[in-house]
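Beneath this line is the structure, given in structure tokens, with notes to follow.
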Amino acid sequence: MSSQIRYCICTFGRQGVAVEVELFLDKAPSSSRFLTSLLPIEADIFNSKWNGAELFTVLPPMNPSVVENQSESVRRGDVVMFHWPTGHRGMPNRPRAGVIGAHTELGFYYGELIRAYSPAGPATGTLVGQIVQGLDDLAEVAQTMRRAGFGRLKIVPRP
């Protein structure tokens, strides 16, 4: 896919709620290119154990991972990439059971009570984008998704 993709549509779970994400091509060019090179993405969704109101998916590792637009402070609507080594303790049980190695987490922060954290303490991630449409809808259905199951996430370029 083209590295010039600026907007993606991310559809969450069985409820099919969609959000539009603007990628930060100027602030996080390598991370944006990495993400768009994987499109279309279809992967499991997980609810964060450590970060509060965050949904995330697991992607292959970004090799080499780069330091750009780093932040430990997240806000509602942020889309953040975290790069984790093999054996990261914050990995959900299902992928960990598959003996996953180094990986990238792509997190979508939808609520007010949030933080960038891991079992080892504060985490620094790459702020790769911002949810620009559909954030309130995602926040509303995320509570239902927590009880009913999350399903899959699909990410495609905006038409």
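The values are calculated or read from the model by the stated rules, or taken from the named source; none is laboratory data. These numbers come from a predicted model, not from an experiment. Glycine gets a Cβ as well: all are built from the backbone with ideal geometry, and neighbour counts include every protein chain shown.
Residues that are on the phi > 0 side of the Ramachandran plot and modelled with pLDDT of 85 or more: does region 77-95 have at least one? Within region 77-95, one or more residues are on the phi > 0 side of the Ramachandran plot and modelled with pLDDT of 85 or more.
Annotation note: Cβ proximity below 6 Å between a residue of region 121-143 that is farther than 17 Å from Phe82 by Cβ and a residue that is among the aromatic types (Phe, Trp, Tyr) and buried (at least 19 other Cβ atoms within 10 Å of the Cβ) (sequence gap 6+ or interchain) occurs for Leu138/Tyr110; Ala139/Tyr110; Ala142/Tyr110. Filtered by the rule that a residue be closer than 16 Å to Leu138 by Cα and at pLDDT below 95, region 6-43 gives Phe12, Gly13, Arg14, Gln15, Gly16, Val17. Restricting attention to region 44-66, report how many residues are of a type outside the set (A, V, I, L, M, F, W, C), surrounded by 19 or more Cβ atoms within 10 Å (Cβ to Cβ) and at pLDDT below 90. Adding up the residues that qualify gives 3. Filtering region 1-10 to residues that are surrounded by 15 or more Cβ atoms within 10 Å (Cβ to Cβ) and in a strand (DSSP E or B) leaves Cys8, Ile9, Cys10.
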